[in-house]
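Below: one structure, written as structure tokens.
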Amino acid sequence: MPERGEAEEVAPGTAAGSARSRFSWHRLALVLGPGLVAMLADTDAGSVITVAQSGAQWGYRLLLPNLLLIPFMYVAQESAMRLALGTGSGIAELVAQRYGRRVAALLLAALAASCFGGLLSQLSGLAGVAEAFAVPVAPVIAGTVGGLILIVVTGSYRRVERISLFLGLFELAFLVMAWRAAPNFAQIAGGALRPPLADRGYLYLLAANLGTSIIPWALLYQASASVDKGLGAGEMRAARVETLVAIVLCQTITSALLIAAAATLGSGGALRTVGQIERAFTATLGPALGRFVFVLGLSGSALVATIVICLTLAWSVGEVLGVQHSLEHEPIRAPWFYGALTLTLALGGAIVAAGIDLVGLSIAAGVLNALLLPPLLFVLHRLTQTALPPALRPRGLYRGCSTAAFAIVAAVALYAGLAGLL
């Protein structure tokens, strides 16, 4: 593969390798995928529901925190990407190598909780779409689960990546909603600059927004996907550009959703169903076109996130157990990898088909992600200082800024999550 060749020519961890890692459009085209897919999955069904609830209850008051998250998201995703390209290993594998399998098993258990909560949120979004069209939920979920398993089992990494990118681009439909909502920019500025930081309800949704922006499974996905794609240190700068562009796109879509929600749902109180969100959003585009655009965006985001979540958990299981865990391997050669993926999808589908509180679950999953962030960010920070070759470790001002960013995110996540719950 070209990426492998470049990684061999520019040896990871050497000063020469770091110096030769130049950005070019050709490199960006080769690198494009892991970061963009991770961020398209980041704008998932849970994020759509959380942002809609945020706009309905608090207007534009959660817009500024979502925009301020961009540099923090970059530091977290760049650290995961840097570790993968610099070591050739996923995060779970590095934890197992550095701290032992017991610590890696704890990480895997926390990741499984995050992934399963996220999976239920995605499938719940698809169930909500089915309910909005008065279609039975069980057949829709069963068809989705079966179709996704077939895509993964019969495909290579590149094929799955292309399908994920195609599905994720449907999320651009949400930008149309924000534009057609015709928000009052004076109201946006006035609301965004008045966050009620003493309100427990606001803090709970702040934690949920944080947990649907910096997501544990999105961090591990970008690392493991980069390894499966065969990227190396020679693609470091191009991968940084891809990561930054993907994060800005992600938060642009999220902000557009929040603006549209606040303009159409503001002061409407708490939402209970996905159907409520869909009906309110159709006010901006009309009943037919509005429903089509909303369903297109929500379904695309839910499907790409479902693929990412299941792949992340399956990759991590393989990394911790030390068994085959690549999409390039046939199921018979990687039974643990494909078994974990299939079991996760099937179990999540069965629970969602049984009927649950879709909106409440999605927000709770975001809060859970926020509470899991502090230990994961600590591990990421330590690994960038110890697992990477000296030439590839963060240095100087960037090292200080990344340390501060991790500390701030961890503190806000803990405070907002615990204060909102208690």
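The values are calculated or read from the model by the stated rules, or taken from the named source; none is laboratory data. These numbers come from a predicted model, not from an experiment. Every residue, glycine among them, receives a Cβ derived from its backbone with ideal geometry; neighbour counts consider all protein chains shown. These area figures cover heavy atoms from the full protein model, side chains too; ligands, DNA and RNA do not enter into them. Shrake-Rupley method; radii C 1.70, N 1.55, O 1.52, S 1.80 Å.
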(message) Please go through (1) at pLDDT 85 or above; (2) under 24 Å from G168 (Cα atoms); (3) open to solvent by 40 Å² or more (accessible area, probe 1.4 Å) for A29 and return the number of the only condition it doesn't satisfy.
(response) (1)
(message) Taking the criterion of being more than 25 Å from I307 (Cβ to Cβ), among the hydroxyl-bearing types (S, T, Y) and open to solvent by less than 50 Å² (accessible area, probe 1.4 Å), would at least one residue in the range 119-138 satisfy it?
(response) no
(request) Find the residue count for the range 148-169, including only residues that are part of a helix (DSSP H, G or I) and open to solvent by less than 30 Å² (accessible area, probe 1.4 Å). (result) 8
(request) Would you point out the residue of the range 86-100, among those that are in a helix (DSSP H, G or I) and more than 15 Å from W315 (Cα to Cα), that is least open to solvent (accessible area, probe 1.4 Å)? (result) G86
(message) For the range 58-68: of the residues being out of contact with any Lys or Arg (no Cβ under 8 Å at 6 or more places or on another chain) and either more than 26 Å from L119 (Cβ to Cβ) or at pLDDT below 85 (or both), which is most open to solvent (accessible area, probe 1.4 Å)?
(response) L68
(request) Test V293 against the stated conditions and say whether it is out of contact with any His (no Cβ under 6 Å at 6 or more places or on another chain) and at pLDDT 80 or above. (result) no
(message) Just checking, does the range 175-193 include any residue being open to solvent by less than 30 Å² (accessible area, probe 1.4 Å), over 17 Å from the mean Cα position of the chain (by Cα) and under 30 Å from L327 (Cβ atoms)?
(response) no
(message) Just to check your reading of the model, which residue among A76, A105, A80 is modelled with pLDDT of 90 or more, open to solvent by 10 Å² or more (accessible area, probe 1.4 Å) and closer than 20 Å to L313 by Cβ?
(response) A105
(message) Against the conditions (1) among the polar types (S, T, N, Q); (2) surrounded by fewer than 22 Cβ atoms within 10 Å (Cβ to Cβ); (3) part of a helix (DSSP H, G or I), where does Q324 fall short? Just the number, please.
(response) (3)
(request) Can you run down the residue pairs with Cβ atoms below 8 Å, 6 or more apart or on separate chains, where the first is in the range 198-222 and open to solvent by 10 Å² or more (accessible area, probe 1.4 Å) and the partner is modelled with pLDDT of 85 or more and not in a helix (DSSP H, G or I)? (result) L206/L62
(request) Taking the residues in the range 390-422 that are charged (D, E, K, R) and outside any helix (DSSP H, G or I) as candidates, determine which candidate is nearest to L372 (Cα to Cα). (result) R393
(request) Could you identify the single residue in P394, P335 that is at pLDDT 85 or above, over 20 Å from the mean Cα position of the chain (by Cα), open to solvent by 30 Å² or more (accessible area, probe 1.4 Å) and not hydrophobic (A, V, I, L, M, F, W, C)? (result) P335
